[in-house]
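**Q** Here's a structure for you.
The values are calculated or read from the model by the stated rules, or taken from the named source; none is laboratory data. The model shown is predicted, which means the values in this text are computed figures rather than measured ones. Backbone-built Cβ (ideal geometry, glycine too); neighbour counts: all protein chains shown.
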Amino acid sequence: MSAAAPAPEDRPEAPGEPPTGGGLEWINRFAALPDAFHHRPDPAPFPGAQLLASSPAMRERLSLTPDDLAAEPWLGMITRGEPVAGTPQVASVYAGHQFGVYVPQLGDGRAKLLGEVRTPAGEHWELQSKGSGPTAFSRHADGRAVLRSSIREYLVSEHMAAMGIPTTRAVALYGSSLRVFRERIESGAVVLRAAPSFLRFGHFEYFHYAGYPERLRQLIDYALDHDFPEHREAEDPVRAMLETVTARTAELMADWQAVGFCHGVMNTDNMSLTGLTIDYGPFAFMDAYDPDYICNHTDQGGRYAFARQPGVALWNLTRLAETLVAHFNAPDVDTAVEQAKSVLEAFQGQFRAAWLRRMRAKLGLQLEREEDESLVQELLARMAAEGIDYTRLFRQLPELEDGGTRQGFIEELEDPQAWQAWEERYRERLAQESRPTPERHAAMRAVNPKYVLRNHLAQTAIERAEDGDFSELERLQRVLSRPFDEQPEAEDLAELPPAWASGIQLSCSS
């Protein structure tokens, strides 16, 4: 297995000027790595390119305007992959375990790293275009994305950020007259996305399993300098990096489980080294609570079912540790292996503690009590038994406690006595808290979203956008940017899903 083909040494300088807007400084550290780490794809046509939407939050972070994003050179750089002086676009190579099976070479098959910028505020962001054409790693595919999947990623990226969940960001969404074939012929689209780093577990797997220890060491040094500079002076920088990655992943899994988010494709190549949610494909927010919920109909065995996500994360971290252990600053291999095991063994406790913190907050509990976990687990068991909507139940807990919708809710349950038993236990637990009830309720509403990007909401916006109407896309973006706020004009977006929503199927092309 060979590394990525090196690009010619005499590659001519790209024409044009660096993109303007907001005083961004282009530094491009990943593109400065040797050619074994990436490939420079050729520009690809994208007819009729136009800006469809952009994130106000990310425009502010990057000091960009809609006019900047809609005009050259940004338009050509993002949608057609055109090179601009000082910003060589690259597609990175990586590998990965997909549904548990190792695939020795994957890579950015439809994503191109435009470059890395430093903002006037001192933030570092890597910018990627997703769907702007083929690369050396497209594996005979077209390197394109469709409007359907692009709208989903665009909306959920900013929605997750608004809920405080670490994620890659979506800066802008572009459409075109390009026709792309997936399950059917669809409109082509491009998402401009951003992240402090796009490094994945699979980047390390590629060089480890291909037998390039020197390249792997170079990648490790790059990650330490780029993403974990605080560990450079540690006694064992690589072990410290693994400890941080493990802790961040545990926190991320707690975030997902707390809001009912199912990723759908937790392959190692879809795991972020810096603890971000990355690569939104067949994701979903649960409607009726079901720990065995599978959001990806490709996942026939349920490997990535909702309740299995934390365990899968640990399995993926173990694969990452296998690539790093030889580079620990340990006296021998056996010691390094034991140190790596110790790091990984901490994951379950880290996840459990992080998840319990979030679930206590959702229930309005400030104090920590030993019985809290069983209280939460009993509630989840009742929700699963009754098919209760996950988001609405937690959002409505203050109302249920006040009696506002309690009676009607109880009457709808198949086993009202079991719910009443839990409710009594919950009231007894609340009696141990000293916070005033109005303050507690406000705190609960600040962590229990009223609005989540349910599948049927995304589907409605997609269907209208495919007909040329982007008003629902704009409305969803606006409402989901404030998921915890009461928004009376958007009450319909917080309702239970309609019957037809159960027929929505998502796959890896979603």
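**Q** Residue 234 - would you say it is of a type outside the set (S, T, N, Q), more than 18 Å from residue 128 (Cα to Cα) and not in a helix (DSSP H, G or I)?
**A** On the way: of a type outside the set (S, T, N, Q): yes; more than 18 Å from residue 128 (Cα to Cα): yes; not in a helix (DSSP H, G or I): yes.
Spelling it out, residue 234 is indeed of a type outside the set (S, T, N, Q), more than 18 Å from residue 128 (Cα to Cα) and not in a helix (DSSP H, G or I).
**Q** From the list 100, 107, exactly one residue is at pLDDT 95 or above, outside the structural domain of residue 282 (by TED's automatic domain parsing), surrounded by fewer than 18 Cβ atoms within 10 Å (Cβ to Cβ) and at positive phi. Which is it? Outline the logic, then answer.
**A** Values: 107 fails: surrounded by fewer than 18 Cβ atoms within 10 Å (Cβ to Cβ).
After applying the criteria, what remains is 100.
**Q** Consider residue 222 carefully, then state whether it is in a loop (DSSP other than H, G, I, E, B) and aromatic (Phe, Trp, Tyr).
**A** Numbers: in a loop (DSSP other than H, G, I, E, B): no; aromatic (Phe, Trp, Tyr): yes.
Against the criterion (in a loop (DSSP other than H, G, I, E, B) and aromatic (Phe, Trp, Tyr)), residue 222 does not qualify.
To keep it simple, each residue is scored yes or no on (1) of a type in the set (Ser, Thr, Tyr); (2) assigned to a helix (DSSP H, G or I); (3) closer than 26 Å to residue 196 by Cα.
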residue: 240; (1), (2), (3): no, yes, yes
residue: 251; (1), (2), (3): no, yes, yes
residue: 258; (1), (2), (3): no, yes, yes
residue: 303; (1), (2), (3): no, no, no
residue: 321; (1), (2), (3): no, yes, yes
residue: 326; (1), (2), (3): no, yes, no
residue: 339; (1), (2), (3): no, yes, no
residue: 342; (1), (2), (3): yes, yes, no
residue: 349; (1), (2), (3): no, yes, no
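**Q** Can I ask one more? With 317, 324, 356, 344 as the choices, which residue is surrounded by 15 or more Cβ atoms within 10 Å (Cβ to Cβ) and under 30 Å from residue 505 (Cα atoms)? Outline the logic, then answer.
**A** Working: 324 fails: under 30 Å from residue 505 (Cα atoms); 356 fails: under 30 Å from residue 505 (Cα atoms); 344 fails: under 30 Å from residue 505 (Cα atoms).
Residue meeting the stated conditions: 317.
**Q** Let me ask something else about it. Does residue 192 fit the bill of being within 18 Å of residue 108 (Cβ to Cβ), touching a residue at least 24 places away in the same chain (Cβ under 8 Å), buried (at least 22 other Cβ atoms within 10 Å of the Cβ) and not β-branched (Val, Ile, Thr)?
**A** Details: within 18 Å of residue 108 (Cβ to Cβ): yes; touching a residue at least 24 places away in the same chain (Cβ under 8 Å): yes; buried (at least 22 other Cβ atoms within 10 Å of the Cβ): yes; not β-branched (Val, Ile, Thr): yes.
When the stated conditions are applied, residue 192 passes them.
**Q** Hey, another quick one. Scan the range 268-293 for residues that are aliphatic (A, V, I, L, M) and part of a loop (DSSP other than H, G, I, E, B) and jot them down. Steps first, answer last, please.
**A** First, the residues of the range 268-293 that are aliphatic (A, V, I, L, M): 271, 273, 276, 278, 284, 286, 288.
Those that are aliphatic (A, V, I, L, M) and part of a loop (DSSP other than H, G, I, E, B): 271, 273, 276, 278, 286.
**Q** Something else now. Here's a check for you: in the range 177-208, which residue that is at pLDDT 95 or above and out of contact with any helix residue (DSSP H, G or I) (no Cβ under 8 Å at 6 or more places or on another chain) is nearest to residue 90 (Cα to Cα)?
**A** Result: 198.
**Q** Looking only at the range 424-459, count every residue that is assigned to a helix (DSSP H, G or I), surrounded by 18 or more Cβ atoms within 10 Å (Cβ to Cβ) and either aliphatic (A, V, I, L, M) or without any contact (Cβ under 8 Å) to a residue 40 or more places away in the chain (or both) and tell me the total.
**A** 3
**Q** Hey, can you tell me all the residues within the range 493-510 that are part of a helix (DSSP H, G or I) and under 12 Å from residue 454 (Cα atoms)? Talk me through it step by step, then tell me what you get.
**A** Here is the first cut: in the range 493-510, the ones part of a helix (DSSP H, G or I) are 493-494, 499-503.
493, 494, 501, 502 - these are the residues of the range 493-510 that are part of a helix (DSSP H, G or I) and under 12 Å from residue 454 (Cα atoms).
**Q** Quick one: count up the residues across the range 460-477 that are part of a loop (DSSP other than H, G, I, E, B) and either of a type outside the set (D, E, K, R) or surrounded by 13 or more Cβ atoms within 10 Å (Cβ to Cβ) (or both).
**A** Step one: of the range 460-477, the residues part of a loop (DSSP other than H, G, I, E, B) are 467-470.
Cutting the leftovers down to either of a type outside the set (D, E, K, R) or surrounded by 13 or more Cβ atoms within 10 Å (Cβ to Cβ) (or both) gives us 468, 470.
Here the count works out to 2.
**Q** Something else now. Restricted to the range 195-224, and to residues that are under 26 Å from residue 125 (Cβ atoms) and small (Gly, Ala, Ser), which residue is surrounded by the most Cβ atoms within 10 Å (Cβ to Cβ)?
**A** The qualifying residue surrounded by the most Cβ atoms within 10 Å (Cβ to Cβ) is 202.
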